[in-house]
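The values are calculated or read from the model by the stated rules, or taken from the named source; none is laboratory data. Values in this document were obtained by computation on a predicted structure and should not be read as measured data. Methodologically, a virtual Cβ is constructed for each residue, glycine included, from the backbone with ideal geometry; neighbour enumeration extends over all protein chains shown.
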Amino acid sequence: MNAPVQGLQDPAQVLVTGASSGIGLAMVQALLEDAAVARVYAVSRRGGACEVLQALRERHGERLQAVAADLTCDTGLADVAAAAASGGALHLVVNCAGILHGAGLRPEKSLATLQRDALAQVFALNAFAPVLLAKALLPLLGPGAPRVFASLSARVGSISDNRLGGWYAYRASKAAQNQLLRTLAIEWRRTHPHATCVLLHPGTVDTPLSRPFQANVPPAALSTPGHAARRLLDVIAGLTPADSGRFIAWDGSPVPW
Ligand SMILES: NC(=O)c1ccc[n+]([C@@H]2O[C@H](COP(=O)([O-])OP(=O)(O)OC[C@H]3O[C@@H](n4cnc5c(N)ncnc54)[C@H](OP(=O)(O)O)[C@@H]3O)[C@@H](O)[C@H]2O)c1
């Protein structure tokens with residue numbers, strides 16, 4: 001694996017959300033293997049109660065700090081910012097928190113199953129949390145040094161690539177996230193020219209999020225969380241501020257909006 005970010009300060013402070021499962025957890029593991037990374041803030045609602053994070057903490061000590069926070073509320077976002085502020089400036093943020101299904105929540109197959117509550121729940125995490133996280137962390141992403149804010153989107157959030165329909169809330173929440181962070185990237189060109197804000201598509205990855213929907217996925221098209229995390233970190237490593245505002249897949253190819 002390359003260094004996490006081109007020109008990343010060494011030692012680097014990194015914050016990963018969605019850190020208790022799937023791609024975010026694999027991202028934390030990969031980052032801790034990189035000697036340039038001084039500290040990883042690993043954010044999820046489970047926080048330090050996640051057993052894998054506990055084992056990583058035993059192995060890596062102070063380099064790993066688990067933060068328990070719900071990104072869909074302002075107190076959770078404030079808790080994340082307060083925890084990260086203890087270590088000074090952040091150099092890389094990878095937002096991997098996301099929701100597709102859960103208790104009483106299933107991706108919609110048709111208009112008849114669309115529910116206001118489900119739309120609100122999915123938008124709260126997939127669309128609103130990323131840009132509000134960027135806002136909460138803004139004092140730690142100050143100008144002057146390379147900074148990357150990378151957030152996981154999904155190809156199904158692409159409007160021009162939507163051929164199958166269905167999954168109303170998930171698709172629309174990812175499209176909304178894309179627009180919100182594209183707008184942030186344009187603002188940062190003026191205010192934070194050293195910062196890079198990108199949307200990333202991880203591919204189809206074997207995680208609790210995708211597991212109920214893998215039946216029609218050919219095995220070769222399904223990657224492990226570890227593989228996806230390493231490929232995404234390779235993409236991040238090659239970013240410069242000129243890439244800010246792009247939607248990029250795990251293999252470096254552009255994803256249409
Ligand atoms: N897997 C795929 O095939 C695939 C494909 C395209 C895009 N993606 C995107 O990639 C990202 C990661 O997905 P994944 O497959 O790794 O999912 P996952 O295994 O289900 O992990 C989701 C993570 O989000 C955290 N989370 C959920 N609700 C939260 C909340 N309210 N506040 C804070 N954290 C919360 C969960 O931790 P807690 O429950 O502990 O809070 C968990 O760590 C998502 O944005 C997803 O949409 C995944």
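Worth pointing out:
- Residue pairs whose Cβ atoms lie under 6 Å apart, sitting 6 or more positions apart in sequence or on different chains, and linking a residue in region 29-44 that is touching a residue at least 60 places away in the same chain (Cβ under 8 Å) to a partner that is buried (at least 19 other Cβ atoms within 10 Å of the Cβ), are Ala30/Ala229; Ala30/Arg230; Ala30/Leu233; Leu31/Val14; Leu31/Val37; Leu31/Val40.
- Members of region 132-160 found to be within 14 Å of the ligand (Cβ to nearest atom) and out of contact with any strand residue (DSSP E or B) (no Cβ under 7 Å at 6 or more places or on another chain), listed by number: Leu132, Ala136, Val156, Gly157, Ser158
- Region 234-255 - residue that is among the polar types (S, T, N, Q) and surrounded by fewer than 17 Cβ atoms within 10 Å (Cβ to Cβ) and, of those, nearest to Val16 (Cα to Cα): Thr240
- Scanning region 69-101 for residues that are under 16 Å from the mean Cα position of the chain (by Cα) and more than 19 Å from Phe149 (Cβ to Cβ) returns Asp70, Ile99, Leu100.
- Of the residues making up region 176-203, those that are among the β-branched types (Val, Ile, Thr), more than 15 Å from the chain's Cα centre (by Cα) and modelled with pLDDT of 95 or more number 2.
- Pairs where the first residue, in region 194-210, is free of Cβ contacts under 8 Å to residues at least 24 places away in the same chain and the second is near the ligand (Cβ under 6 Å from one of its atoms), C-beta under 7 Å, 6+ apart: Thr204/Ser210
- Hits in region 150-167 (condition: surrounded by fewer than 17 Cβ atoms within 10 Å (Cβ to Cβ), in contact with a helix residue (DSSP H, G or I) (Cβ under 8 Å, 6 or more places away or on another chain) and of a type in the set (S, T, N, Q)): Asn162
- Any hit, region 161-177, residues being closer than 17 Å to Gly245 by Cα, more than 11 Å from the ligand (Cβ to nearest atom) and either in contact with an Asp or Glu (Cβ under 6 Å, 6 or more places away or on another chain) or in a helix (DSSP H, G or I) (or both): yes
- Taken over region 37-82, the criterion of being under 18 Å from Asn126 (Cα atoms), of a type in the set (Asp, Glu) and within 12 Å of the ligand (Cβ to nearest atom) is satisfied by Asp70 alone.
- Hey, Asp34 acidic (Asp, Glu), more than 10 Å from the ligand (Cβ to nearest atom) and either in contact with a Pro (Cβ under 8 Å, 6 or more places away or on another chain) or under 21 Å from Ala237 (Cβ atoms) (or both) or not: yes
- Top-ranked residue in region 207-233 [being in contact with a helix residue (DSSP H, G or I) (Cβ under 7 Å, 6 or more places away or on another chain) and surrounded by fewer than 21 Cβ atoms within 10 Å (Cβ to Cβ); ranked as nearest to Asp251 (Cα to Cα)]: Arg230
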